[in-house]
Amino acid sequence: MVALYPEKLLTIISIDSMEESLVASFKKYGISGYTVIRARGEGASGIQADMTGFDANIMVKVVLPLERLQPLLESLERKIRKGHHLTVFVADVQVITPDKFTRSLR
Amino acid sequence: MVALYPEKLLTIISIDSMEESLVASFKKYGISGYTVIRARGEGASGIQADMTGFDANIMVKVVLPLERLQPLLESLERKIRKGHHLTVFVADVQVITPDKFTRSLR
Amino acid sequence: MVALYPEKLLTIISIDSMEESLVASFKKYGISGYTVIRARGEGASGIQADMTGFDANIMVKVVLPLERLQPLLESLERKIRKGHHLTVFVADVQVITPDKFTRSLR
Amino acid sequence: MGSLTNLLLPAVLFFALGFVARVIKSDLRFPPDLAKVLSIYLLMAIGLHGGYELAKADIMTAVNSIVWALVLGFTLPIIGYIALVLTRKVNPMDAAAISAHYGSVSAGTFLTAIAYLDSAGVSYETYPLIMLAVMESPAIIVGLLLAAKARMSLAARDDVVAAGDGTTAMSADDGNENDAHSMAALLRDAFTNGSVVVLIGSMIIGAISTPSGMEKLFPFIDDIFMGVLCLFLFDMGMVAARRIGDFRKVGLVLAAFGVLMPLLGGVVGAYVGFAILDFSVGGATLVAVLGASASYIAVPPAMRLAVPEANPSFYLTLSLGITFPFNVLVGIPLYHSLVQSMAMSG
Amino acid sequence: MGSLTNLLLPAVLFFALGFVARVIKSDLRFPPDLAKVLSIYLLMAIGLHGGYELAKADIMTAVNSIVWALVLGFTLPIIGYIALVLTRKVNPMDAAAISAHYGSVSAGTFLTAIAYLDSAGVSYETYPLIMLAVMESPAIIVGLLLAAKARMSLAARDDVVAAGDGTTAMSADDGNENDAHSMAALLRDAFTNGSVVVLIGSMIIGAISTPSGMEKLFPFIDDIFMGVLCLFLFDMGMVAARRIGDFRKVGLVLAAFGVLMPLLGGVVGAYVGFAILDFSVGGATLVAVLGASASYIAVPPAMRLAVPEANPSFYLTLSLGITFPFNVLVGIPLYHSLVQSMAMSG
Amino acid sequence: MGSLTNLLLPAVLFFALGFVARVIKSDLRFPPDLAKVLSIYLLMAIGLHGGYELAKADIMTAVNSIVWALVLGFTLPIIGYIALVLTRKVNPMDAAAISAHYGSVSAGTFLTAIAYLDSAGVSYETYPLIMLAVMESPAIIVGLLLAAKARMSLAARDDVVAAGDGTTAMSADDGNENDAHSMAALLRDAFTNGSVVVLIGSMIIGAISTPSGMEKLFPFIDDIFMGVLCLFLFDMGMVAARRIGDFRKVGLVLAAFGVLMPLLGGVVGAYVGFAILDFSVGGATLVAVLGASASYIAVPPAMRLAVPEANPSFYLTLSLGITFPFNVLVGIPLYHSLVQSMAMSG
Ligand SMILES: Nc1ncnc2c1ncn2[C@@H]1O[C@H](COP(=O)(O)O)[C@@H](O)[C@H]1O
Ligand SMILES: Nc1ncnc2c1ncn2[C@@H]1O[C@H](COP(=O)(O)O)[C@@H](O)[C@H]1O
Ligand SMILES: Nc1ncnc2c1ncn2[C@@H]1O[C@H](COP(=O)(O)O)[C@@H](O)[C@H]1O
Ligand code: NA
Ligand code: NA
Ligand code: NA
């Protein structure tokens, strides 16, 4: 019987050129890792069709412990307030290796 | 402390040529946006290996308020009943900008 | 009113060359399908930048009934113990076609 | 030039290499978008070339070719459908979807045939190129009509069993909703299919461009053409090998259909090309190849959308795993010999 | 060579084909990475070529060209900004973001102009190539400065309304955090932009490589160039058609700006090229094209990051949907005629 | 032709440009699939060429080359392993994974060497090409065996500490499950590796194709070859620069290994090529390059799967960040001089 431990899964969708800034925030507020997926989409800021290589979105996934969530959300909220278009949502997940997600990147 | 508000996250996996029809449904039943990701996979309808550019899947993500979920699920169920292969699941998520998801596309 | 039934959503993130081995486990322990998405990322084993086609990650998604989860998690845990870098998490989802996920692949 | 020499064409050898790579379970993978890019290039190159030549062509023969391309495109799938239903191995939905593939054409097979003729020093007319463009789509329409017929008769049967369960009402509403998939939309899709647009568009550009402009394009569309075709067939060999693995799922009867149907189409095409359209041996061989080849680019996605009830493994395995390799390895030299013997006896 | 002949260049015809493909709702899609690869190739090819020629060029004229490229890059966006603010149709943020695009350049338009001149047998200097590289970035800086000014005046206004709500404190903290987006970082981004690196890097390589090494590259950078340009414009035609659909969102006044601004830029560029830099008709036409064209590669992502408050539909529709097609179809021959008449009257 | 001229080859300059682009933090990114496509093309082109030439070659020399390629492939990693273990800077797992890379080869380095020799007007035999194909895989096997040995001795140690914790039972069950990763499977993977299949397959096709068929391929495999190599090295320069950033993580001793090991391999290769296989200066230089170069395509994924305990940063930084640039910039002319001096003294 493999034990399961609760964590949070933070998902952020934005234009791909935001990646550098998002990763900088991640490293500042401390997370153990992140995953980036190329995406297309449509929303308030129009269509991002990924037709030319310069209109792509990214979807970023971060698994992290609850206590690391708030500072990161605050930094995302500041970016949104500045005008950046970020679609952000948080879900409950369970993991089998909780230690993995308490480390810090670099 | 950033407040979190509950929303639903609808995920649909299907062949990529269904995109046009899915987006048409989205716009008909009203959502604020969607995100499309290229995928491969295997299921009851065989393998979709994305080996040639014409056997790819897509994974579509929609964040939406609970009250918009049912009509969309009904439209998806009708497509499934017609024979289309859709893998559909719904999860609970929390967002920081609830207003964003009550708008309507176009 | 479309009825919703509970399932588990298992997500695995790893290097792309693990795909064959993961799919073999899936087929051994019985699942009805899986979806694979190309990804990049960073974690304890360094950066996987997908810059050259040989440093890509994959994110694999499997919807499955609770009773099929444990054997699969055990097999994943064994892989992790062997040294493979897998990021694994489980979430609760709801589906509209529960029968779809009790079948077995091939 | 015998059939063996065909097998020593680099393009055909690369097809075989791709096939072998999968059989020995190599981890070789081509990026999925590469096949798309290669086929855009190939269609553009033959289109430009063809248009350039066609500008000097005879309008009556061109119109005649188009008419006979339509005849082939509409007739072959109906023959295929009847044959398949008679086997009683597949349901009418599957029969409709499969036969649509055989009324359409495969640009990859056509290009291999051109490489074969070039290397054998056989000349050919450009009209078959227009026929290639014309034949991409009509079979889709026939497939849709056959499927609609099958669906209605199935629905009639179901109604007796499950009358009043609300399905009909819902379907109606759904038909409403999904105008994207309505018959009209699917017909539009058939004629605005990407391959058709690239091919016909390039033909027009080849025909109307200034000659000096075209000359600057020749190194791109001529010199590297054969190399790109090799890469494309290399990739297709891998795809075919993956599909032929599903041979067992398809069954022996269906597999036989995957060989007999192109033979039939080849004979009909050879006759149309040689006896009716009065083409040279080379030109008639190309028409035979059009008749024999089965689509694997335009038709599969159309059938997925429009006939979702049909099992994709059937038509993909047949067209990609059986008919395509059969034509590339065996069919092309065979159709050439056939037309040659027609020419001798004629 | 009249303006009609421009429309019969294969490259221009492929642009039109891409446009038509979208209009008739074809399912034709180019893989998104293809456009990127094609533009890397095109920049590399013209860079190598230009560098090879420039190695033999006159250093004074080169420096002069760079200075005037900077003048154009800094002046044109300011003119555009003032014009836009005067229309009162967009807010200052949008005006800043839009006008930055017009101070920068479009390599695709420049290459189409080269294809046009080549096909008309008009020779041209290589200096405009350096100007192309130089002009990619300065307008981004002007755009940022204009946006910063607009932001400050907006903030001043907001402060009166919502003083003390903590936003200012947070912004400060955020400015801190986001050094990635600070002004310095954005300037760095502007000058290390991928296109600039490929173009300038290839020019240097073309200038310093051993001649025997360069000779081996010519088939790659010369022979297939025109074909690759056709593919690129094919793709851009589809992109432009998708964007022109947003025409209504933009409104008539803005759309007019998308035609008048390149005309203004073209006239200024023609004057700089012909009267000031003393280039030939061909060379001055290229400078006119630099003045007239609007960036759609380097500037949009920079504006997205640095001026997130601006609406991307505005600047993308204008530069891709209106100005780019206008220049390719109408502008280039127009600027050529303009310079020709300058040459006659001069 | 001195070492400086090497640095003025366009291919080497593009490598440097890629490197610089990363150092100045340009946002230039090549689509990840581009590198894959370019290397498929490059392997196909040299394979076809080599096969075409080899068809005329001497079978005894070919067999001899293969034997010595195997000797190099099996010996070099063992030497590397012993050296690494003696440094006491890495554990045996890492030592096994790293040294496997040095027994294998880098096609990119080999091709740069060919560009260098071509440009210097030095001729070479085709046999080293077979050796390139042969040497891709054996080192993987040695790496696996060394890792298995290391794993057993580690397990023996652990058993004393943690006997009876069930791990052993589980591993057994797991070995069962993961036949995909069993030794047999990994050997199969090593020999059916994508690069090996493309290279050997193309060589066979080049050897058996009809000459008329091959002639149609030459523009594709010859004329644009150097341009594609430039693009490939441009990309590799960016990859190398990203990796060299991890230099600190690797430490000085390991970094020194990344320079000394290729020097050792180069000397051994030069000796094998010149003194044993009796090749010309050009041919022996290529064998030296085979000895000196470290794999970054076939071996890394094999080690990731088979030796997951090893730290990928170590072997990737060494082979991509240190040894590859060293060989391209300094090593190739050095090995050439070495063989030249052997030729003079011999
Ligand atoms: N309701 C939504 N569900 C899923 N993805 C969304 C949603 N809204 C926006 N997105 C994604 O977020 C990106 C930016 O959205 P927006 O800020 O609304 O322009 C879009 O391009 C979509 O990919
Ligand atoms: N149990 C599952 N978990 C995750 N993805 C699935 C599952 N079943 C099917 N899929 C995805 O949905 C696609 C269509 O599935 P199917 O309808 O079963 O043929 C497949 O190609 C997979 O990508
Ligand atoms: N906390 C995390 N959240 C999301 N993805 C992660 C996380 N940690 C690791 N990953 C992903 O898993 C891959 C392997 O991680 P690791 O085992 O930490 O090297 C990384 O390349 C990331 O794509
Ligand atoms: Na046919
Ligand atoms: Na401009
Ligand atoms: Na080596």
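The values are calculated or read from the model by the stated rules, or taken from the named source; none is laboratory data. Note that the structure is predicted; figures quoted are calculated from it, not measured. Here the Cβ is made from the backbone with ideal geometry for all residues, glycine too, and neighbour counts use every protein chain on show. Surface accessibility is based on the protein's heavy atoms, side chains included, excluding ligands, DNA and RNA. Shrake-Rupley method; radii C 1.70, N 1.55, O 1.52, S 1.80 Å.
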key: Distance between modelled label sites at E:Ala55 and E:Ile24, nm, 7 Å Cα→Cβ extension   = 4.8
Long-range HN-HN contacts of E:Val105 with modeled amide H, under 5 Å = E:Ser295
query = Which value, in square angstrom to the nearest 100, describes the accessible area buried between chains D and B on both sides, using a 1.4 angstrom probe?
reply = 2600
query = Can you tell me the accessible area per residue over the protein assembly as shown, all protein chains present, probe 1.4 angstrom, in square angstrom?
reply = 35
note = Residue-ordered couplings for the range B:49-54, obtained by feeding phi - 60° into the Karplus form 6.51 cos²θ - 1.76 cosθ + 1.60 and rounding to whole Hz (Gly and Pro as x), are 8, 6, 8, 10, x, 10
inquiry  = Using a Gaussian network model on chain E with a 10 Å cutoff between Cα atoms, which of E:Leu286, E:Leu233, E:Leu70 fluctuates the most?
reply    = E:Leu70
Farthest positive-ward along chain D dipole, Cα basis, beta-carbon charges - from D:Leu229, D:Phe14, D:Ile276 = D:Phe14
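How many square angstrom of accessible surface are buried between C and A, both sides summed, with a 1.4 Å probe and rounding to 100? Numbers along the way, then the final one.
Numbers: alone 6960 and 6970 Å², together 11910 Å².
About 2000 Å² of accessible surface is lost on pairing.
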ask   = Which lysines, on any chain, are close to D:Lys36 with Cα under 16 Å apart, when same-chain ones fewer than 8 places away are left out?
value = E:Lys36, F:Lys36
inquiry  = Could you work out what % of the accessible surface of the range B:5-96 is carbon and sulfur, using a 1.4 angstrom probe and leaving DNA, RNA and ligands out of the count?
reply    = 53
remark   = Expected max-MSF residue from F:Gly227, F:Gly269, F:Gly51 in the GNM of chain F (alpha carbon, under 10 Å) is F:Gly227
task = Using θ = phi - 60° and the Karplus relation 6.51 cos²θ - 1.76 cosθ + 1.60, list the HN-Hα couplings for the range F:65-82 in order, rounded to whole Hz, with x at every Gly or Pro.
result = 4, 5, 4, 6, 4, 5, 4, 4, x, 8, 7, 4, x, 5, 4, x, 4, 4
request  = Would you mind checking which residues have amide H under 5 Å from C:Ala39's amide H? H placed 1.01 Å from N; only 5 or more apart, or other chain.
outcome  = C:Asn57, C:Ile58, C:Met59
note = For chain C, the charge dipole (Cβ of Lys, Arg +1; Cβ of Asp, Glu -1; about the Cα centre) points to a positive end, and the Cα of C:Met59, C:Gly33, C:Ser45 closest to that extreme belongs to C:Gly33
message = Pairwise over distinct Cα atoms, reciprocal of the mean inverse distance: report the Kirkwood radius of the range F:300-346 in Å, one decimal place.
response = 12.8
query = Quick one: label points 7 angstrom along Cα→Cβ at F:Thr87, distances to the other copies in nm, smallest first?
reply = 6.2, 6.2
note = Highest GNM mean-square fluctuation among C:Arg81, C:Arg38, C:Arg68, for chain C with Cα springs under 10 Å, belongs to C:Arg81
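Once F and E are treated as a pair rather than alone, how much accessible area drops out, both sides summed, in Å² to 100, probe 1.4 Å? List each step's numbers first, then the result.
Numbers: alone 15670 and 15670 Å², together 29090 Å².
Protein heavy atoms only, the F-E interface buries about 2300 Å².
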note = As straight-line cross-link partners of D:Lys216, the qualifying lysines (C-alpha separation under 22 Å, not fewer than 8 residues apart within one chain) are D:Lys56, E:Lys216, F:Lys216
query = Mind listing P(r) for the protein assembly as shown? All alpha-carbon pairs, 20 Å bins, whole percents.
reply = 10, 37, 40, 12, 0
request  = Could you list the trypsin sites (Lys or Arg not before Pro) in the range F:1-73 that lie in coil according to DSSP, counting only those with at most 11 other Cβ atoms within 10 Å of their Cβ?
outcome  = F:Lys56
Over chain F, relative contact order from alpha-carbon pairs under 8 Å, at least 6 apart, % = 33
ask   = Put a point 7 Å out from Cα along the line to Cβ at A:Met1; what are the distances to that point in the other copies, in nm, shortest first?
value = 3.5, 3.5
ask   = To the nearest 20 debye, what is the magnitude of the charge dipole of chain E about its Cα centre, counting +1 on the Cβ of each Lys and Arg and -1 on the Cβ of each Asp and Glu?
value = 860
note = Karplus-derived 3J(HN,Hα) from phi for the range F:282-292 (6.51 cos²θ - 1.76 cosθ + 1.60, θ = phi - 60°), whole Hz, x at Gly and Pro, runs x, x, 5, 4, 5, 5, 4, 5, 4, x, 7
inquiry  = Over 16 Å apart: what share of the alpha carbon pairs of the range C:5-96 falls there, rounded to a whole percent?
reply    = 54
key: Sequence of B:Glu7, F:Glu125 when ordered by accessible area, the most exposed leading, probe 1.4 angstrom   = F:Glu125, B:Glu7
request  = For the range C:5-96, give the magnitude of the charge dipole about the Cα centre (Cβ charges: +1 Lys/Arg, -1 Asp/Glu; no others), in debye to the nearest 20.
outcome  = 240
ask   = Over the range F:239-345, what is the mean sequence separation of C-alpha contacts under 8 Å (at least six apart), divided by residue count, expressed as relative contact order in percent?
value = 39
remark   = Once the mean of 1/r over all distinct C-alpha pairs in chain F is inverted, the Kirkwood radius in Å reads 20.7
query = Quick one: with all protein chains in place, what share of the accessible area of chain D is carbon or sulfur, to the nearest percent (1.4 Å probe)?
reply = 68
query = Which value in Å does the Kirkwood hydrodynamic radius of the range E:201-286 take, with 1/r averaged over all unlike C-alpha pairs and then inverted?
reply = 16.9
ask   = Is any residue of the range E:21-63 close enough, with backbone N under 18 Å, to a label point placed 7 angstrom from the Cα of E:Phe191 along the Cα-Cβ axis, and if so, which?
value = E:63
key: Extreme residue, positive dipole direction of the range D:1-91, given options D:Leu43, D:Pro32, D:Met60 (C-beta unit charges)   = D:Pro32
key: Neighbouring partner chain Cβ atoms per residue of E:188-201, average, 10 Å criterion   = 4
remark   = Sorted list, accessible surface of protein heavy atoms, 1.4 Å probe, largest first, for A:Glu77, E:Glu136, F:Glu53, C:Glu20 is C:Glu20, F:Glu53, A:Glu77, E:Glu136
query = Quick one: ranking E:Ile66, B:Ile96 by accessible area, 1.4 Å probe, largest first, what do you get?
reply = E:Ile66, B:Ile96
key: Relative contact order %, the range C:5-96, counting alpha carbon pairs below 8 Å whose residues are six or more apart   = 50
task = Only helical DSSP H runs with n ≥ 4 go in: add -39500 (n - 2.57) per run for the protein assembly as shown, normalise by residue count and round the 222 nm mean residue ellipticity to 500 deg cm²/dmol.
result = -20000 deg cm²/dmol
